[in-house]
Amino acid sequence: MAETAEKTAEVKPKDGLLSKKNRKLLIDPLDGNNPITVQVLGICSALAVTVQLEPALFMAAGVTIVTACSNVVISMLRNSIPSRIRIIVQLAIVSLWVILVDQILQAFFYDVSKKLSTYVGLIITNCIVMGRLEAYAMANKPWPSFLDGLGNGFGYGLILVIVAFFRELFGSGSLFGYKVFAAAGIPYMGNGLLMLPAGACIIVGIIIWVQRALNGYSEDH
């Protein structure tokens, strides 16, 4: 009996809320399974809302909240959702969270809400959100689904912040609206290309190249 109790005590920490498997759900999307650079999802918003850091951060937070919360709700309902209408149910749940995020932005961060414009509403059809609902939440319990949503939201947000950092810094010479080069006494006119979606596409491509080079990724495997 004593030996059984000891074995049970040894197993419990591994099956905790942040077990190795659960931590992997949070960490993997940051690099090896990033939704933008590896899964190639959510590219449109990565090109559209990254002209400045501020809206990029809010967009990242919005997608993270919507993905995590939608994952939880769908996971809780997964056994009672008829297969033939599951996409409609998923869209309805996602729409609810998107509306809440949009209303909060308009109420407390109106200027940011105007900058993001229709892109907040388009979270409803974001491939990352729908992809995680189909690929993970429909087959797993609420807590792992929540962590999966958080992880993919963080992975998405990480790329958005990196792209926005370089676009705002070298595109307009500022960060969060603060003129960095001007304050340092460096005459910098800005790079117009980085202010265009094409410039964002170039930065995303460079990030993908660097990441795959560091990870030793190859299409032939």
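Every number in this text was worked out from the coordinates using simple rules, so none of it is lab data. Worth saying up front: this structure is predicted, and the values here are computed from it rather than measured. Using ideal geometry, Cβ is built from the backbone for each residue, glycine included, and neighbour counts are taken over all protein chains shown.
Expressed in nm to one decimal, what extension gain is obtained for the pair D111 and F165 from 0.36 nm per residue of sequence separation less their Cα-Cα distance? Kindly include the intermediate steps, with their values, before the conclusion.
Values: separation 54, 0.36 × 54 = 19.44 nm, distance 1.94 nm.
Additional length available on full extension: 17.5 nm.
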Lysine pair number, Cα distance threshold 16 Å (strictly under), the chain, separation 8 or more or different chains
5
So, over other residues within a Cβ distance under 14 Å of T67, counting Lys, Arg +1 and Asp, Glu -1, the net charge is -1
Multiply the residue gap between S80 and L30 by 0.36 nm, knock off their C-alpha separation, and tell me the result in nm, one decimal place.
14.8 nm
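Which value, in debye to the nearest 20, describes the size of the charge dipole of the chain about its Cα centre when Lys and Arg Cβ atoms bear +1, Asp and Glu Cβ atoms bear -1, and nothing else is charged? Please list the in-between numbers first.
Numbers: 17 positive and 14 negative charges, 60 e Å.
Roughly 280 debye for the chain.
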Which of S113, S19 has the fewest Cβ neighbours within 10 Å, and the rest in rising order:
S19, S113
Calculate one ³J(HN,Hα) per residue across the stretch 38-50 by plugging θ = phi - 60° into the Karplus curve 6.51 cos²θ - 1.76 cosθ + 1.60, and present them in order as whole Hz with x for glycine and proline.
10, 7, 6, 10, x, 5, 4, 5, 5, 8, 8, 10, 10
Helix-derived [θ] at 222 nm for the chain: sum -39500 (n - 2.57) over DSSP H runs of at least 4, divide by residue count, nearest 500?
-21000 deg cm²/dmol
Calculated FRET efficiency for the pair A183/L122, C-beta based, R₀ 30 Å, to 0.05:
0.30
Cα-centred dipole magnitude for the stretch 38-125, charges only on beta-carbon of K, R (+1) and D, E (-1), debye, nearest 20:
340 debye
In a shell of Cβ-Cβ distance under 12 Å around L57, excluding L57 itself, what net charge do Lys and Arg (+1) and Asp and Glu (-1) give?
-1
Cβ-based charge dipole, the chain, positive-most Cα from M195, G171, L30
L30
Less than 17 Å from a label point 7 Å out along the Cα-to-Cβ axis of R23: which backbone N atoms in the stretch 132-147 qualify, by residue?
144, 147
On C-alpha positions alone, give me the angle between the axis of helix 2-11 and the longest principal axis of the chain, in degrees, nearest 10.
20 degrees
Which listed residue (V49, L133, S95) has the Cα farthest towards the positive end of the charge dipole for the stretch 42-167, taking +1 on Lys and Arg C-beta and -1 on Asp and Glu C-beta about the Cα centre?
L133
Sorted largest first, the C-alpha extents of the stretch 42-167 along its principal axes in whole angstrom are 43, 26, 22
